[in-house]
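These notes are about the structure you will find just below.
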Amino acid sequence: MENKIRVRFAPSPTGYLHVGGLRTALYNFLFARKNNGKFILRIEDTDRNRYVEGAVENLIKALKWSGLDYDEGPDIGGDYGPYMQSQRLDIYKKYADELIASGNAYYCFCTQERLQQLREEQEKLKVPQMKYDKHCLTLTQEEIQKRLNEKIPFVIRLNVQPNQKIIFDDVVRKRVEFDSSNIDDQVLIKSDGYPTYHLANVIDDHLMEISHVIRGEEWLSSTPKHVILYDAFGWQRPIFAHLPLLLNPDKSKLSKRQGDVAVEDYRDKGYLKEALINFVALLGWNAGDDKEFYQMNELIEAFSLESVNKSGAVFDIVKLNSLNAEHLRHKSDKEILLLLKEEIKKSDLAQKNLSDDYLLLVISAMKERVTFVSEFITNCKYFYEEPKEYEQKSIEKNWKSDTAEHLNKLIDEFSKLENSQKVDFESALNKVAEELEISKGKLIHPLRLAVSGQSTGPGMFDLLFILGKDEVIKRIQKAIEKIKI
Ligand code: GLU
(Lines give C-alpha, C1' and ligand atoms only; values in the text may rest on other atoms or scores of the structure.)
Protein backbone atom coordinates (compact mmCIF):
# COMPACT_ATOMS: atom_id res chain seq x y z
CA MET A 1 0.00 0.00 0.00
CA GLU A 2 1.22 3.49 -0.76
CA ASN A 3 2.58 5.27 2.27
CA LYS A 4 0.55 8.33 2.98
CA ILE A 5 2.45 9.95 5.83
CA ARG A 6 3.33 13.41 4.59
CA VAL A 7 4.32 16.20 6.96
CA ARG A 8 5.67 19.67 6.44
CA PHE A 9 7.65 22.41 8.07
CA ALA A 10 6.07 25.65 6.91
CA PRO A 11 8.07 28.60 8.19
CA SER A 12 7.51 32.21 7.33
CA PRO A 13 10.92 33.55 6.38
CA THR A 14 11.76 36.01 9.13
CA GLY A 15 15.50 36.06 8.57
CA TYR A 16 16.67 33.27 10.84
CA LEU A 17 15.60 29.87 12.14
CA HIS A 18 14.17 30.18 15.66
CA VAL A 19 14.98 27.28 18.00
CA GLY A 20 11.22 26.76 18.34
CA GLY A 21 11.11 26.42 14.56
CA LEU A 22 13.95 23.93 14.74
CA ARG A 23 11.94 21.89 17.24
CA THR A 24 8.88 21.92 14.96
CA ALA A 25 11.01 20.97 11.96
CA LEU A 26 12.72 18.23 13.96
CA TYR A 27 9.50 16.62 15.21
CA ASN A 28 8.12 16.63 11.67
CA PHE A 29 11.37 15.16 10.38
CA LEU A 30 11.48 12.45 13.08
CA PHE A 31 7.85 11.55 12.52
CA ALA A 32 8.38 11.26 8.77
CA ARG A 33 11.56 9.22 9.06
CA LYS A 34 10.13 6.94 11.70
CA ASN A 35 7.04 6.21 9.59
CA ASN A 36 8.67 6.07 6.20
CA GLY A 37 6.84 9.21 5.23
CA LYS A 38 7.82 12.38 3.43
CA PHE A 39 9.08 15.55 5.05
CA ILE A 40 8.34 18.71 3.09
CA LEU A 41 9.63 22.25 3.37
CA ARG A 42 7.13 24.89 2.37
CA ILE A 43 7.88 28.58 2.59
CA GLU A 44 4.94 30.67 3.77
CA ASP A 45 5.92 34.03 2.38
CA THR A 46 2.61 35.69 1.70
CA ASP A 47 3.10 38.52 4.16
CA ARG A 48 4.88 41.02 1.95
CA ASN A 49 5.38 43.47 4.83
CA ARG A 50 7.56 40.96 6.56
CA TYR A 51 9.71 40.14 3.56
CA VAL A 52 13.40 39.86 4.52
CA GLU A 53 16.12 39.63 1.90
CA GLY A 54 18.06 36.35 2.07
CA ALA A 55 15.74 34.88 4.70
CA VAL A 56 14.86 31.75 2.75
CA GLU A 57 18.49 31.00 2.02
CA ASN A 58 19.32 31.41 5.73
CA LEU A 59 16.53 29.08 6.70
CA ILE A 60 17.60 26.42 4.27
CA LYS A 61 21.19 26.75 5.41
CA ALA A 62 20.23 26.35 9.06
CA LEU A 63 18.07 23.30 8.31
CA LYS A 64 20.84 21.69 6.31
CA TRP A 65 23.39 22.41 9.04
CA SER A 66 21.06 20.71 11.51
CA GLY A 67 20.84 17.63 9.32
CA LEU A 68 17.09 17.93 8.72
CA ASP A 69 17.02 17.11 5.06
CA TYR A 70 13.66 17.29 3.41
CA ASP A 71 12.23 15.27 0.54
CA GLU A 72 10.47 18.12 -1.23
CA GLY A 73 11.09 21.83 -1.04
CA PRO A 74 11.68 25.07 -2.90
CA ASP A 75 15.29 24.35 -3.82
CA ILE A 76 14.85 20.67 -4.67
CA GLY A 77 11.33 20.58 -6.11
CA GLY A 78 8.89 17.70 -5.86
CA ASP A 79 5.56 16.58 -7.26
CA TYR A 80 3.49 19.05 -5.29
CA GLY A 81 5.26 22.34 -6.04
CA PRO A 82 5.80 25.17 -6.16
CA TYR A 83 6.84 25.15 -2.51
CA MET A 84 6.92 28.92 -2.10
CA GLN A 85 3.48 30.32 -1.41
CA SER A 86 4.23 33.54 -3.27
CA GLN A 87 4.41 31.40 -6.42
CA ARG A 88 0.96 29.90 -5.87
CA LEU A 89 -1.22 33.01 -5.92
CA ASP A 90 -3.46 31.87 -8.76
CA ILE A 91 -4.24 28.68 -6.86
CA TYR A 92 -5.43 30.62 -3.81
CA LYS A 93 -7.49 32.93 -5.98
CA LYS A 94 -9.28 30.01 -7.61
CA TYR A 95 -10.19 28.46 -4.25
CA ALA A 96 -11.25 31.79 -2.77
CA ASP A 97 -13.65 32.21 -5.69
CA GLU A 98 -14.99 28.77 -4.96
CA LEU A 99 -15.67 29.76 -1.36
CA ILE A 100 -17.48 32.90 -2.51
CA ALA A 101 -19.60 30.85 -4.88
CA SER A 102 -20.58 28.46 -2.09
CA GLY A 103 -21.41 31.29 0.32
CA ASN A 104 -18.56 30.45 2.66
CA ALA A 105 -16.71 33.67 1.90
CA TYR A 106 -17.63 37.17 0.76
CA TYR A 107 -16.19 40.38 -0.60
CA CYS A 108 -15.66 43.14 1.91
CA PHE A 109 -15.14 46.72 0.73
CA CYS A 110 -15.04 48.38 4.14
CA THR A 111 -12.48 51.15 4.47
CA GLN A 112 -9.77 51.29 7.12
CA GLU A 113 -11.69 54.20 8.67
CA ARG A 114 -14.84 52.16 9.08
CA LEU A 115 -12.94 49.23 10.54
CA GLN A 116 -11.20 51.57 12.96
CA GLN A 117 -14.51 53.02 14.03
CA LEU A 118 -15.88 49.53 14.55
CA ARG A 119 -12.85 48.65 16.64
CA GLU A 120 -13.34 51.69 18.84
CA GLU A 121 -17.03 50.99 19.33
CA GLN A 122 -16.33 47.41 20.30
CA GLU A 123 -13.56 48.51 22.66
CA LYS A 124 -16.02 50.78 24.40
CA LEU A 125 -18.38 47.85 24.80
CA LYS A 126 -15.46 45.82 26.16
CA VAL A 127 -15.82 43.16 23.48
CA PRO A 128 -12.79 40.94 24.18
CA GLN A 129 -11.82 40.39 20.57
CA MET A 130 -12.61 42.71 17.71
CA LYS A 131 -14.99 41.05 15.25
CA TYR A 132 -16.08 42.23 11.86
CA ASP A 133 -19.83 42.93 11.82
CA LYS A 134 -20.58 41.20 8.47
CA HIS A 135 -21.59 44.57 7.07
CA CYS A 136 -20.63 43.64 3.47
CA LEU A 137 -22.39 40.32 3.62
CA THR A 138 -25.61 42.19 2.93
CA LEU A 139 -24.42 43.64 -0.39
CA THR A 140 -26.39 42.49 -3.40
CA GLN A 141 -24.74 40.88 -6.41
CA GLU A 142 -25.17 44.15 -8.35
CA GLU A 143 -23.65 46.25 -5.58
CA ILE A 144 -20.66 43.93 -5.42
CA GLN A 145 -20.17 43.97 -9.19
CA LYS A 146 -20.42 47.75 -9.27
CA ARG A 147 -17.69 48.12 -6.66
CA LEU A 148 -15.49 45.61 -8.41
CA ASN A 149 -15.93 47.50 -11.68
CA GLU A 150 -15.02 50.74 -9.93
CA LYS A 151 -11.86 49.02 -8.66
CA ILE A 152 -12.66 49.75 -5.04
CA PRO A 153 -10.14 47.90 -2.91
CA PHE A 154 -11.53 44.78 -1.24
CA VAL A 155 -10.65 41.81 0.89
CA ILE A 156 -12.31 38.40 0.92
CA ARG A 157 -13.59 37.24 4.28
CA LEU A 158 -14.53 33.88 5.71
CA ASN A 159 -18.24 33.70 6.49
CA VAL A 160 -18.23 32.16 9.96
CA GLN A 161 -21.60 30.87 11.14
CA PRO A 162 -22.14 31.87 14.77
CA ASN A 163 -23.26 29.59 17.60
CA GLN A 164 -21.57 26.48 16.30
CA LYS A 165 -19.27 24.21 18.21
CA ILE A 166 -15.99 23.75 16.37
CA ILE A 167 -14.50 20.51 17.60
CA PHE A 168 -11.32 18.79 16.54
CA ASP A 169 -8.96 16.18 17.90
CA ASP A 170 -5.35 16.96 18.55
CA VAL A 171 -2.79 14.24 19.21
CA VAL A 172 -1.21 16.30 22.00
CA ARG A 173 -4.13 18.28 23.41
CA LYS A 174 -6.80 15.64 22.79
CA ARG A 175 -10.32 16.99 22.15
CA VAL A 176 -10.34 20.74 21.54
CA GLU A 177 -13.50 22.81 21.36
CA PHE A 178 -14.12 26.38 20.23
CA ASP A 179 -17.32 28.42 19.99
CA SER A 180 -17.65 29.84 16.48
CA SER A 181 -19.29 32.97 17.93
CA ASN A 182 -15.83 33.98 19.12
CA ILE A 183 -14.30 33.59 15.70
CA ASP A 184 -13.89 36.61 13.48
CA ASP A 185 -14.78 36.62 9.80
CA GLN A 186 -11.12 36.15 9.02
CA VAL A 187 -9.65 37.89 5.99
CA LEU A 188 -8.66 35.18 3.50
CA ILE A 189 -7.45 37.34 0.62
CA LYS A 190 -5.92 40.72 1.43
CA SER A 191 -6.35 43.89 -0.60
CA ASP A 192 -2.96 43.30 -2.23
CA GLY A 193 -4.31 40.05 -3.67
CA TYR A 194 -2.17 37.89 -1.41
CA PRO A 195 -3.81 35.23 0.72
CA THR A 196 -3.54 35.30 4.48
CA TYR A 197 -1.76 32.52 6.31
CA HIS A 198 -5.02 30.71 7.07
CA LEU A 199 -6.25 30.31 3.52
CA ALA A 200 -2.90 29.50 1.96
CA ASN A 201 -2.00 27.09 4.73
CA VAL A 202 -5.20 25.06 4.43
CA ILE A 203 -5.17 24.95 0.63
CA ASP A 204 -1.55 23.90 0.52
CA ASP A 205 -1.86 21.29 3.24
CA HIS A 206 -4.74 19.82 1.27
CA LEU A 207 -3.12 20.00 -2.17
CA MET A 208 0.20 18.74 -0.85
CA GLU A 209 -1.66 15.84 0.79
CA ILE A 210 -0.32 16.61 4.24
CA SER A 211 -1.48 13.86 6.58
CA HIS A 212 -0.34 15.39 9.90
CA VAL A 213 -0.04 19.05 10.82
CA ILE A 214 2.62 19.24 13.52
CA ARG A 215 3.23 22.80 14.68
CA GLY A 216 3.66 25.05 17.70
CA GLU A 217 0.91 25.69 20.18
CA GLU A 218 0.70 29.33 19.14
CA TRP A 219 -1.27 28.10 16.10
CA LEU A 220 -3.86 26.24 18.13
CA SER A 221 -6.23 29.21 18.16
CA SER A 222 -6.01 29.42 14.35
CA THR A 223 -7.00 25.80 13.96
CA PRO A 224 -10.80 26.31 14.30
CA LYS A 225 -10.62 28.71 11.34
CA HIS A 226 -8.76 26.06 9.42
CA VAL A 227 -11.28 23.44 10.39
CA ILE A 228 -14.08 25.70 9.12
CA LEU A 229 -12.20 26.01 5.85
CA TYR A 230 -11.62 22.26 5.48
CA ASP A 231 -15.30 21.68 6.08
CA ALA A 232 -16.33 24.46 3.70
CA PHE A 233 -14.25 22.92 0.93
CA GLY A 234 -15.49 19.47 1.84
CA TRP A 235 -11.92 18.31 2.38
CA GLN A 236 -10.71 15.78 4.89
CA ARG A 237 -8.93 17.42 7.81
CA PRO A 238 -5.36 16.42 8.54
CA ILE A 239 -4.45 15.08 11.98
CA PHE A 240 -3.35 17.96 14.19
CA ALA A 241 -0.58 17.92 16.80
CA HIS A 242 0.23 21.17 18.58
CA LEU A 243 3.58 21.23 20.32
CA PRO A 244 3.98 22.84 23.76
CA LEU A 245 5.33 26.35 24.15
CA LEU A 246 9.01 26.93 24.77
CA LEU A 247 9.63 28.81 28.01
CA ASN A 248 12.44 30.71 29.64
CA PRO A 249 13.58 29.36 33.02
CA ASP A 250 11.29 31.98 34.64
CA LYS A 251 8.41 30.35 32.72
CA SER A 252 7.87 33.36 30.45
CA LYS A 253 7.59 32.67 26.73
CA LEU A 254 10.99 32.11 25.15
CA SER A 255 12.00 35.40 23.67
CA LYS A 256 14.90 37.10 22.03
CA ARG A 257 15.25 39.47 24.96
CA GLN A 258 16.34 36.73 27.33
CA GLY A 259 19.00 35.16 25.17
CA ASP A 260 19.74 33.62 21.85
CA VAL A 261 16.84 32.18 19.90
CA ALA A 262 18.36 31.67 16.46
CA VAL A 263 19.86 28.34 15.51
CA GLU A 264 22.63 30.32 13.83
CA ASP A 265 23.57 31.90 17.18
CA TYR A 266 24.10 28.50 18.73
CA ARG A 267 26.03 27.26 15.73
CA ASP A 268 28.28 30.31 15.84
CA LYS A 269 28.85 29.86 19.56
CA GLY A 270 30.27 26.45 18.83
CA TYR A 271 27.42 24.15 19.77
CA LEU A 272 27.47 20.85 17.94
CA LYS A 273 24.47 20.18 15.77
CA GLU A 274 24.10 16.78 17.42
CA ALA A 275 23.81 18.44 20.83
CA LEU A 276 21.39 21.11 19.70
CA ILE A 277 19.18 18.53 18.01
CA ASN A 278 19.28 16.26 21.05
CA PHE A 279 18.44 19.18 23.33
CA VAL A 280 15.63 20.51 21.17
CA ALA A 281 14.15 17.01 20.84
CA LEU A 282 13.72 16.90 24.61
CA LEU A 283 11.85 20.20 24.68
CA GLY A 284 8.40 18.72 24.97
CA TRP A 285 9.09 15.07 24.35
CA ASN A 286 10.57 12.08 26.16
CA ALA A 287 10.34 8.40 25.51
CA GLY A 288 8.85 7.79 28.94
CA ASP A 289 12.18 6.90 30.57
CA ASP A 290 15.21 8.80 31.90
CA LYS A 291 17.26 8.60 28.75
CA GLU A 292 18.58 12.00 27.73
CA PHE A 293 21.47 11.31 25.41
CA TYR A 294 20.33 10.62 21.86
CA GLN A 295 21.92 10.49 18.47
CA MET A 296 19.65 11.28 15.52
CA ASN A 297 19.06 7.63 14.58
CA GLU A 298 18.02 6.86 18.16
CA LEU A 299 15.61 9.79 18.12
CA ILE A 300 14.03 8.50 14.92
CA GLU A 301 13.68 5.12 16.53
CA ALA A 302 12.19 6.39 19.81
CA PHE A 303 10.02 9.30 18.67
CA SER A 304 6.26 9.25 18.70
CA LEU A 305 3.71 12.04 18.62
CA GLU A 306 1.77 10.35 21.41
CA SER A 307 4.64 10.95 23.83
CA VAL A 308 4.79 14.70 23.20
CA ASN A 309 3.85 16.55 26.40
CA LYS A 310 1.23 19.19 26.79
CA SER A 311 2.94 21.46 29.28
CA GLY A 312 5.45 24.13 28.31
CA ALA A 313 9.08 23.10 27.96
CA VAL A 314 11.78 25.10 29.71
CA PHE A 315 14.84 26.02 27.69
CA ASP A 316 17.67 25.16 30.07
CA ILE A 317 21.04 26.23 28.74
CA VAL A 318 22.89 24.26 31.43
CA LYS A 319 21.42 21.08 30.01
CA LEU A 320 22.33 22.12 26.48
CA ASN A 321 25.92 22.65 27.61
CA SER A 322 26.15 19.28 29.28
CA LEU A 323 24.71 17.58 26.20
CA ASN A 324 27.27 19.41 24.10
CA ALA A 325 30.09 18.04 26.26
CA GLU A 326 28.63 14.58 26.05
CA HIS A 327 28.22 14.64 22.28
CA LEU A 328 31.76 15.91 21.95
CA ARG A 329 33.04 13.00 24.03
CA HIS A 330 31.16 10.59 21.80
CA LYS A 331 32.99 11.78 18.73
CA SER A 332 36.14 10.03 17.60
CA ASP A 333 39.40 11.93 18.06
CA LYS A 334 39.71 12.14 14.30
CA GLU A 335 36.32 13.79 13.97
CA ILE A 336 37.21 16.26 16.70
CA LEU A 337 40.49 16.96 14.92
CA LEU A 338 38.60 18.28 11.89
CA LEU A 339 36.47 20.52 14.06
CA LEU A 340 39.48 21.72 16.05
CA LYS A 341 41.39 22.60 12.91
CA GLU A 342 38.47 24.77 11.82
CA GLU A 343 38.55 26.46 15.20
CA ILE A 344 42.32 26.96 14.99
CA LYS A 345 41.95 28.67 11.63
CA LYS A 346 39.83 31.32 13.34
CA SER A 347 42.17 31.73 16.33
CA ASP A 348 45.53 33.33 16.95
CA LEU A 349 47.10 29.90 16.57
CA ALA A 350 46.35 29.99 12.83
CA GLN A 351 49.97 30.80 12.00
CA LYS A 352 51.44 28.03 14.12
CA ASN A 353 52.33 24.84 12.40
CA LEU A 354 50.57 22.37 14.64
CA SER A 355 50.76 18.82 13.38
CA ASP A 356 47.73 16.54 13.36
CA ASP A 357 49.62 14.11 15.59
CA TYR A 358 50.25 16.79 18.15
CA LEU A 359 46.62 17.97 18.09
CA LEU A 360 45.41 14.39 18.46
CA LEU A 361 47.45 14.10 21.65
CA VAL A 362 45.91 17.31 22.97
CA ILE A 363 42.46 16.01 22.07
CA SER A 364 42.89 12.73 23.88
CA ALA A 365 44.22 14.49 26.98
CA MET A 366 41.46 17.11 27.09
CA LYS A 367 38.44 15.32 25.69
CA GLU A 368 36.91 14.61 29.09
CA ARG A 369 37.44 18.17 30.25
CA VAL A 370 35.83 20.36 27.64
CA THR A 371 32.32 21.42 26.69
CA PHE A 372 33.13 23.15 23.40
CA VAL A 373 35.65 22.43 20.67
CA SER A 374 37.09 25.93 21.19
CA GLU A 375 38.09 24.89 24.71
CA PHE A 376 40.73 22.58 23.23
CA ILE A 377 42.43 25.92 22.68
CA THR A 378 41.23 28.27 25.40
CA ASN A 379 41.29 25.83 28.34
CA CYS A 380 44.78 24.60 27.65
CA LYS A 381 46.78 27.38 26.08
CA TYR A 382 49.86 25.77 27.60
CA PHE A 383 49.83 23.11 24.90
CA TYR A 384 50.56 25.81 22.35
CA GLU A 385 52.76 28.29 24.19
CA GLU A 386 54.65 28.52 27.44
CA PRO A 387 52.74 30.05 30.32
CA LYS A 388 52.84 33.82 30.46
CA GLU A 389 51.78 33.88 34.07
CA TYR A 390 51.31 31.49 36.93
CA GLU A 391 48.17 31.04 38.99
CA GLN A 392 48.71 33.06 42.14
CA LYS A 393 46.64 30.83 44.40
CA SER A 394 48.67 27.82 43.43
CA ILE A 395 51.93 29.67 44.01
CA GLU A 396 50.80 30.50 47.52
CA LYS A 397 49.77 26.95 48.18
CA ASN A 398 52.45 24.93 46.44
CA TRP A 399 55.56 27.01 45.91
CA LYS A 400 57.76 26.79 49.01
CA SER A 401 61.28 27.89 49.80
CA ASP A 402 62.66 24.50 48.79
CA THR A 403 60.59 24.09 45.61
CA ALA A 404 63.26 25.47 43.26
CA GLU A 405 65.76 23.01 44.63
CA HIS A 406 63.34 20.10 44.17
CA LEU A 407 62.53 21.12 40.66
CA ASN A 408 66.19 21.41 39.77
CA LYS A 409 66.57 17.81 40.82
CA LEU A 410 63.71 16.94 38.51
CA ILE A 411 65.43 18.77 35.67
CA ASP A 412 68.56 16.70 36.28
CA GLU A 413 66.61 13.50 36.24
CA PHE A 414 64.52 14.42 33.20
CA SER A 415 67.66 15.43 31.29
CA LYS A 416 68.99 11.94 31.66
CA LEU A 417 65.93 10.36 30.07
CA GLU A 418 66.58 8.58 26.82
CA ASN A 419 62.93 7.79 26.31
CA SER A 420 60.35 10.27 27.32
CA GLN A 421 57.14 8.32 27.41
CA LYS A 422 54.67 8.84 30.23
CA VAL A 423 56.19 6.02 32.28
CA ASP A 424 59.67 7.45 31.91
CA PHE A 425 58.61 10.78 33.34
CA GLU A 426 56.76 8.97 36.06
CA SER A 427 59.67 6.83 37.20
CA ALA A 428 62.02 9.82 37.07
CA LEU A 429 59.68 11.75 39.33
CA ASN A 430 59.25 8.80 41.68
CA LYS A 431 62.99 8.50 41.93
CA VAL A 432 63.44 12.16 42.84
CA ALA A 433 60.66 11.96 45.44
CA GLU A 434 62.32 8.97 47.02
CA GLU A 435 65.76 10.53 47.08
CA LEU A 436 64.44 13.72 48.60
CA GLU A 437 62.21 11.74 50.93
CA ILE A 438 59.20 13.85 50.09
CA SER A 439 55.72 13.00 48.87
CA LYS A 440 55.10 12.95 45.13
CA GLY A 441 52.51 15.66 45.59
CA LYS A 442 55.21 18.04 46.71
CA LEU A 443 56.75 17.68 43.28
CA ILE A 444 53.67 17.29 41.16
CA HIS A 445 51.84 20.47 42.15
CA PRO A 446 54.72 22.88 41.55
CA LEU A 447 55.68 20.94 38.44
CA ARG A 448 52.22 21.37 36.98
CA LEU A 449 52.29 25.03 37.83
CA ALA A 450 55.71 25.42 36.21
CA VAL A 451 54.83 23.75 32.92
CA SER A 452 51.22 24.92 32.55
CA GLY A 453 50.84 28.00 34.76
CA GLN A 454 47.68 26.36 36.17
CA SER A 455 46.72 24.09 39.02
CA THR A 456 44.35 21.84 37.12
CA GLY A 457 44.42 20.07 33.79
CA PRO A 458 44.90 16.65 32.30
CA GLY A 459 46.98 13.93 33.96
CA MET A 460 50.43 15.19 34.90
CA PHE A 461 52.35 12.62 32.92
CA ASP A 462 50.14 13.06 29.87
CA LEU A 463 50.96 16.71 30.02
CA LEU A 464 54.73 16.08 30.26
CA PHE A 465 54.67 13.52 27.50
CA ILE A 466 52.74 15.77 25.13
CA LEU A 467 54.97 18.78 25.74
CA GLY A 468 58.13 16.67 25.40
CA LYS A 469 61.27 16.55 27.45
CA ASP A 470 63.02 19.66 26.10
CA GLU A 471 60.00 21.90 26.43
CA VAL A 472 59.28 20.61 29.93
CA ILE A 473 62.84 21.33 31.08
CA LYS A 474 62.79 24.76 29.51
CA ARG A 475 59.53 25.64 31.22
CA ILE A 476 60.66 24.43 34.62
CA GLN A 477 63.80 26.56 34.32
CA LYS A 478 61.76 29.56 33.34
CA ALA A 479 59.33 29.11 36.22
CA ILE A 480 62.18 28.85 38.72
CA GLU A 481 63.46 32.18 37.39
CA LYS A 482 60.10 33.89 37.32
CA ILE A 483 58.22 32.69 40.37
CA LYS A 484 59.29 34.64 43.42
CA ILE A 485 57.81 34.09 46.82
N1 GLU B 1 3.87 29.94 8.59
C2 GLU B 1 3.59 29.47 9.93
C3 GLU B 1 4.83 29.73 10.76
O4 GLU B 1 5.52 30.64 10.45
C5 GLU B 1 3.26 28.01 9.87
C6 GLU B 1 2.37 27.51 10.95
C7 GLU B 1 1.91 26.13 10.55
O8 GLU B 1 2.73 25.22 10.59
O9 GLU B 1 0.77 25.98 10.18
O10 GLU B 1 5.14 29.08 11.71
Study note, to complete from the structure: Residue hits (the range 360-385; in contact (Cβ under 8 Å) with a residue 12 or more places away in the chain and assigned to a loop (DSSP other than H, G, I, E, B)) are Val370, Thr371, Phe372, Val373, Ser374, Asn379, Cys380, Tyr384
**Study point:** Evaluation of Leu68 against (1) outside any helix (DSSP H, G or I); (2) under 14 Å from the mean Cα position of the chain (by Cα); (3) modelled with pLDDT under 95 (one fails), failing number
**Key:** (3)
Point to revise | Cross-chain or 6+ apart pairs with Cβ under 8 Å, the range 203-218 first and among the β-branched types (Val, Ile, Thr), then surrounded by fewer than 18 Cβ atoms within 10 Å (Cβ to Cβ) | key: Ile203/Ile91; Val213/Ile239
Revision key, fill the gap. Restricted to the range 447-470 and to residues being of a type in the set (Val, Ile, Thr) and under 18 Å from Arg369 (Cα atoms), the residue surrounded by the most Cβ atoms within 10 Å (Cβ to Cβ) is Ile466
Practice item. Being in contact with a helix residue (DSSP H, G or I) (Cβ under 7 Å, 6 or more places away or on another chain) and closer than 22 Å to Arg147 by Cα is the filter here, so list the residues in the range 59-101 that pass it. Key: Tyr92, Tyr95, Ala96, Leu99
Revision key, fill the gap. Scanning the range 192-249 residue by residue, the ones that are within 14 Å of Arg42 (Cβ to Cβ), hydrophobic (A, V, I, L, M, F, W, C) and within 27 Å of the chain's Cα centre (by Cα) total 6
Review point. Before we move on, is Leu148 surrounded by 11 or more Cβ atoms within 10 Å (Cβ to Cβ) and either over 27 Å from Thr223 (Cα atoms) or touching a helix residue (DSSP H, G or I) at 6+ places or on another chain (Cβ under 7 Å) (or both)?
Key: yes
Exercise for review: Please state which one of Ser191, Ser222 is without any contact (Cβ under 8 Å) to a residue 40 or more places away in the chain, of a type in the set (Ser, Thr, Tyr), within 13 Å of the ligand (Cβ to nearest atom) and under 30 Å from Lys134 (Cα atoms).
Suggested key: Ser222
Exercise for review: Might you check whether a residue that is assigned to a loop (DSSP other than H, G, I, E, B) and either away from the ligand (no atom under 12 Å from the Cβ) or among the charged types (D, E, K, R) (or both) occurs anywhere in the range 225-235?
Suggested key: yes
Revision key, fill the gap. Checked the range 225-236 for anything surrounded by fewer than 21 Cβ atoms within 10 Å (Cβ to Cβ) and either in contact with a Lys or Arg (Cβ under 8 Å, 6 or more places away or on another chain) or free of Cβ contacts under 8 Å to residues at least 60 places away in the same chain (or both); matches are Val227, Tyr230, Asp231, Gly234, Trp235, Gln236
**Study point:** the range 390-446, subset of a type in the set (S, T, N, Q) and crowded, with 16+ Cβ neighbours inside 10 Å, residue farthest from the chain's Cα centre (by Cα)
**Key:** Thr403
Study note, to complete from the structure: Listed by first then second residue, the pairs whose first member lies in the range 109-123 and is of a type in the set (D, E, K, R), whose partner is at pLDDT 95 or above, with beta carbons under 8 Å and at least 6 positions apart or on separate chains, are Arg114/His135
Point to revise | Boolean, Ala10 is more than 14 Å from the ligand (Cβ to nearest atom), aliphatic (A, V, I, L, M) and touching a strand residue (DSSP E or B) at 6+ places or on another chain (Cβ under 9 Å) | key: no
Point to revise | Any chance Leu410 is within 30 Å of Pro249 (Cβ to Cβ), modelled with pLDDT of 95 or more and among the aliphatic types (A, V, I, L, M) | key: no
Exercise for review: Scan the range 41-50 and give yes if some residue there is away from the ligand (no atom under 13 Å from the Cβ) and either of a type in the set (Lys, Arg) or under 26 Å from Tyr271 (Cβ atoms) (or both), otherwise no.
Suggested key: yes
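Results for (1) closer than 25 Å to Phe233 by Cα; (2) more than 19 Å from the chain's Cα centre (by Cα); (3) at pLDDT below 95, shown as yes or no for each residue.
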position	(1), (2), (3)
Val7	yes, yes, no
Gly15	no, no, yes
Tyr27	no, no, no
Glu53	no, yes, yes
Leu99	yes, yes, no
Check your understanding: Of all residues in the range 252-286 being assigned to a helix (DSSP H, G or I) and among the acidic types (Asp, Glu), which is surrounded by the most Cβ atoms within 10 Å (Cβ to Cβ)?
Key -> Glu274
Revision key, fill the gap. Going through (1) part of a strand (DSSP E or B); (2) more than 11 Å from the ligand (Cβ to nearest atom) one by one, Pro249 fails only at (1)
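For every residue, the table says whether it meets (1) aromatic (Phe, Trp, Tyr); (2) in contact with a Pro (Cβ under 7 Å, 6 or more places away or on another chain); (3) in contact (Cβ under 8 Å) with a residue 12 or more places away in the chain.
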| residue | (1), (2), (3) |
| --- | --- |
| Asn36 | no, no, yes |
| Trp65 | yes, no, yes |
| Ile76 | no, no, no |
| Arg88 | no, yes, yes |
| Tyr107 | yes, no, yes |
| Met130 | no, no, yes |
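The values are calculated or read from the model by the stated rules, or taken from the named source; none is laboratory data. In this text, all values refer to a predicted model and were calculated from it rather than measured experimentally. For neighbour counting, all protein chains shown are included, and Cβ atoms are generated from backbone atoms with ideal geometry for every residue, glycine included.
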